[in-house]
1. Name the single residue that is surrounded by the fewest Cβ atoms within 10 Å (Cβ to Cβ) among those in segment 186-245 being in a helix (DSSP H, G or I), more than 21 Å from the chain's Cα centre (by Cα) and basic (Lys, Arg).
2. Within segment 261-289, count every residue that is more than 19 Å from Val234 (Cα to Cα), buried (at least 16 other Cβ atoms within 10 Å of the Cβ) and among the β-branched types (Val, Ile, Thr).
3. Gly125 - would you say it is modelled with pLDDT of 95 or more and assigned by TED's automatic domain parsing to the domain that holds Asp207?
4. Just to verify a result, which residue in segment 207-251, among those that are in contact with a helix residue (DSSP H, G or I) (Cβ under 8 Å, 6 or more places away or on another chain) and among the acidic types (Asp, Glu), is modelled with the highest pLDDT?
5. For a quick check of your reading of the model, give me the residue pairs whose first member lies in segment 13-35 and is under 18 Å from Gly67 (Cβ atoms) and assigned by TED's automatic domain parsing to the domain that holds Asp129, whose second is loosely packed, with under 12 Cβ neighbours inside 10 Å and hydroxyl-bearing (Ser, Thr, Tyr), with beta-carbon atoms closer than 8 Å and at least 6 apart or on different chains.
6. Can you find, within segment 94-121, the residue that is nearest to the chain's Cα centre (by Cα) among those that are assigned to a loop (DSSP other than H, G, I, E, B) and under 21 Å from Gln11 (Cα atoms)?
7. Looking at (1) touching a residue at least 24 places away in the same chain (Cβ under 8 Å); (2) aliphatic (A, V, I, L, M); (3) farther than 19 Å from Gly179 by Cβ, which one does Leu217 not meet, given that it meets all the others?
8. In this structure, does Arg257 turn out to be basic (Lys, Arg) and part of a helix (DSSP H, G or I)?
Amino acid sequence: MSTQTMAAIVQYALEKYSVELREVPRPGDPDDDEVLLATGAVGVCGSEIHQFHNTQSWPVNIPVILGHEFTGVVSAVGKRVRAFHEGDRVVSETAAYICGECAYCRSGQYNLCPRRRGFGHALNGAMADFVRVPARCLHRLPDSVPFEKAALTEPCCVAYNATCVHTAVHPGDSVLVLGPGPIGLLCMELAKISGASWVGVAGLKQDALRMKVAQSLGVDRIITDGEEAILEAVRSVGDGLGVNVVIDAAGASAALRTAMAVVRPGGQITKVGWGPQPLNFSLDPLVQKAIRLQGSFSHNYPMWERVLALLASGKLDPLRIVGRVEGYPNWRICFDEMASGEIVKAVLKPASAGRG
């Protein structure tokens, strides 16, 4: 076991603000099927903001190094690793552990493995100088994609699964995205790439800065005045019967009620936003309108390859939602500005990382 230390952003207790930058032991040599990755950049996710405020709805094994949106350079490889070599630029998926034996793992849907555990809450993540990663998680990073952009591959894959796999967006469709957070804005971009003729984004008045980002991305309509304003906006689209698709990327369960109100009969709602609150409203419109309601969670290998192709082509550019790129010592300002809505997304880089 190595006695060297490294910088890492650690959640050390299940209490509010129990996160700090620490010197921790550097990981030892990788296991036979792992690589040791020198971190190049790490995206800050809303889940880390929840863990910082101790408002998460998932178990956290403390102490744990945060960070599950990451990229870097292979520093060492395990004995059985053949596909990757020292010096390779790679990006990593988030499923740090899967059983490999259940029906979902065996069919390639390992994102649904009942025993799946992720980086940054169940196992040590990548907000550190080094992280050990199973080789099965890795994808080669195209030369044209810098580390700052590659660190956003994971949320792009979440949005891709919701928008391009679980939702059938056809050229000419109208799409409303509820929630202008990182996933919502990326869903908006992917809906436009998929051929949607009209894309609207709905949020709250306190989302004003996020809506400016949406405007810069070319959204057709911004709505911040509640459900009645959303209904009025969608009545002006096409025949006025509602939008073809609603993507619920909001964090409140009540957004589903709005989605059912504004989607056209026979339309689609895809829910990718988490909301633990009880519904407290009727689901009858789901039946009356014959709406297809679909959940979307995480991603798998083919989605990562397609998203990396989009990033390399420049057709999808998640850097447009990034408000800060900072070194680890400035992690707190990134967390606070994301929590307050001053920025949509931040990327952290260790002192040792180059331009990538």
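1. Selected residue: Lys205.
2. Residues that pass the stated criteria total 1.
3. Spelling it out, it is not the case that Gly125 is modelled with pLDDT of 95 or more and assigned by TED's automatic domain parsing to the domain that holds Asp207.
4. Asp248
5. Pro25/Thr3
6. Out of the qualifying residues, it is Thr94.
7. So Leu217 meets the others, but not (3).
8. When the stated conditions are applied, Arg257 passes them.
The values are calculated or read from the model by the stated rules, or taken from the named source; none is laboratory data. For clarity, every value in this text was computed on a predicted model and none was experimentally measured. Reconstructed Cβ throughout: ideal geometry from the backbone, glycine too, with neighbour counts over all protein chains shown.
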